[in-house]
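**Q** Below you'll find the structure I mean.
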Amino acid sequence: DSGVTQTPKHLITATGQRVTLRCSPRSGDLSVYWYQQSLDQGLQFLIQYYNGEERAKGNILERFSAQQFPDLHSELNLSSLELGDSALYFCASSIEGGGGTEAFFGQGTRLTVV
Amino acid sequence: GESVGLHLPTLSVQEGDSAVIKCTYSDSASNYFPWYKQELGKRPQLIIDIRSNMDKRQGQRVTVLLNKTVKHLSLQIAATQPGDSAVYFCAEINTGNQFYFGTGTSLTVIP
C-alpha cells in the first residue's frame, strides 16, 4: 500500500458525460501528479499541483481540469468524454514540489467511456 | 509530448541472466531520474533513482547508469527472476518541474 488513495477504482460512463476522479495523497505529501495511461501505453503526464497551486502542466486537454484543495486532496475533472479518453488514470504524490523525491502512485482509476 | 525515449519496447531474457534497459532524455538540465516497475494491472513502483550529480547508483540486483554527455540512462537488472517480468519506465524531472515518463520497456524473464 503506497498510502495514496484513488476513488473510484472503476468508472463506466457514456460519451459526452463528465466525471470526477479523486486522489488523496500520502500524509505529509504536498505535491500531487496526475497521469493518463492508455492500453499498453506509457504514462502521460497531465498536471501537477503543489500545496494547492498548479506547479506544472503536461499534455492535458482543455476538456480536462484539476484542482488541489486545502486538505491537499486533488480532483481531476474530465468533461465531454470521448471514447479515446478510456484509460487508467493514476495519481501520484511526493513531499516536494520541485521533483527530486520519490513519487508514490495510487492504484489508479480505470475509466471506460462507452 | 514525451521527452524521454526508450530504445527497445520489449526485452526477453533467460532467468538468471542480466537485463539492460536503455533510455534517453531530452532536457540536459533535468536533475532527477527515477526508474519505475509496473506489473500488469498494478501501479508503478519506484525501484531505483539517480540524481544528476551521480554517474552510477546501485541497489539490490539493480544498477542505474547516467551518461549526461549523451543524455542516456540504463538500468541493469542482475540475476533476473520471473518476478522481474514487468514494464519498466524511466522518467525525468525537467526544468519545468514536469515529471515525464518514457514509453516503457516490457521485460519478460523466461524460466
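The values are calculated or read from the model by the stated rules, or taken from the named source; none is laboratory data. The structure displayed is predicted, hence computed values, not measured ones. Please note: Cβ atoms are built from the backbone with ideal geometry, for glycine as well, and neighbour counts cover all protein chains shown. Just so you know, the surface numbers come from the protein's heavy atoms only, side chains and all, with ligands and any DNA or RNA stripped out. Shrake-Rupley method; radii C 1.70, N 1.55, O 1.52, S 1.80 Å.
**Q** Sort the stretch B:54-111 into rounded, prolate or oblate with this rule: let a ≥ b ≥ c be the square roots of the eigenvalues of the Cα gyration tensor; rounded if a/c is under 1.5, and if a/c is not under 1.5, prolate when a/b is larger than b/c, oblate otherwise.
**A** Oblate, because a/c is 1.5 or more while a/b does not exceed b/c.
**Q** Continuing with the same structure: Setting aside same-chain residues fewer than 8 positions from B:Lys71, which aspartates and glutamates have a Cα under 18 Å from its Cα?
**A** Result set, ordered by chain and number: B:Glu2, B:Asp27, B:Asp49, B:Asp55, B:Glu92.
**Q** Continuing with this model, one more query. Which value, in nm² and rounded to one decimal, describes the direction-averaged projected area of the C-alpha convex hull of the stretch A:1-104?
**A** 6.4 nm²
**Q** Suppose each label sits 7 Å from its Cα in the direction of the beta carbon; what would the A:Ala14-B:Asp27 distance come out to in nanometres?
**A** Each label point is offset 7 Å from its Cα along the Cβ direction, giving 4.2 nm.
**Q** Further question on the same structure: If I model a spin label as a point 7 Å beyond the Cα along the Cα-Cβ vector, how far apart are those points for B:Ile110 and B:Asp55 in nm?
**A** 3.5 nm
**Q** Averaged over peptide A:102-109, how many Cβ atoms belonging to another chain are found within 10 Å of each residue's Cβ?
**A** Average per residue, whole number: 4.
**Q** Spelling out what I want: for every residue of the stretch A:12-28, take phi, set θ = phi - 60°, compute 6.51 cos²θ - 1.76 cosθ + 1.60 (Karplus), and round to whole Hz; glycine and proline get x.
**A** Karplus-based 3J(HN,Hα) across the stretch A:12-28 equals 10, 8, 9, 4, x, 7, 10, 9, 10, 9, 10, 9, 10, x, 4, 4, x Hz.
**Q** Would you tally the net charge around B:Pro111, using a Cβ to Cβ cut-off of less than 13 Å, leaving B:Pro111 out, and scoring K and R as +1, D and E as -1? Intermediate values should be presented prior to the final figure.
**A** Values: positive: none; negative: B:Glu15, B:Asp17, B:Asp84.
Residues close to B:Pro111 contribute a combined charge of -3.
**Q** Report in % the part of the accessible area of chain A that belongs to carbon and sulfur, leaving out ligands and nucleic acids; probe 1.4 Å.
**A** 47 percent
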